[in-house]
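As structure tokens, the structure follows; a few thoughts come after it.
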């Protein structure tokens, strides 16, 4: 019997604007709270833009945190999880220039014809 798991449409990005998950939250202050912060992102349409928007809004922090900010990603599609991990890895890649990381990101995000450099990176 064939598996029905692979039938259907797999979204690679959502249709809403990216939001900072800490916006309009009075109970958490990432600069003052020193406890670990845990955030569950569920069914994000394979899109890490909420994570990236949140991090870009809060960084750089006023002081070094001693406890982490953890993002837990729950998505039923393995492809979406792999895509988010790839983007996070790319953004943290210090061996590449910011320009090169940006160009690789645009190649991957747009799912268009990719450059040889991006193919090598993947």
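Read-outs: derived from the displayed coordinates by stated rules, not from any lab. For clarity, every value in this text was computed on a predicted model and none was experimentally measured. We place every Cβ from the backbone using ideal geometry, glycine too, and count neighbours over all the protein chains shown.
Two decimals is fine: what is log10 I(q)/I(0) at q = 0.15 Å⁻¹ for the chain, from a Debye sum with one equal scatterer on every Cα and no solvent?
Here the Debye-derived log intensity ratios amount to -0.83.
In the Gaussian network model of the chain, springs joining C-alpha atoms below 10 Å, which of 100, 43, 79 carries the largest mean-square fluctuation?
Most flexible of the set in this elastic network: 100.
Counting other beta carbons within 10 Å of each residue's own, what order do 72, 105 fall into, fewest first?
72, 105
Tell me, how many Å apart are the Cα centres for the range 97-122 and for the range 35-75?
23
Helix 78-92: angle to the longest alpha-carbon principal axis of the chain, degrees 0 to 90, nearest 10?
Between the helix axis and the principal axis of the chain, the angle is about 50 degrees.
With a 10 Å Cβ neighbour count serving as the proxy for reagent exposure, in which order, fewest first, do 73, 39 appear?
Lowest count first: 39, 73.
So if we plug the beta-carbon distance of residue 100 and residue 59 into 1/(1 + (r/R0)^6) with R0 = 22 Å, what FRET efficiency do we get, rounded to 0.05?
0.60
Within 10 Å of each residue's Cβ, count the other Cβ atoms and sort 115, 83 from fewest upward.
115, 83
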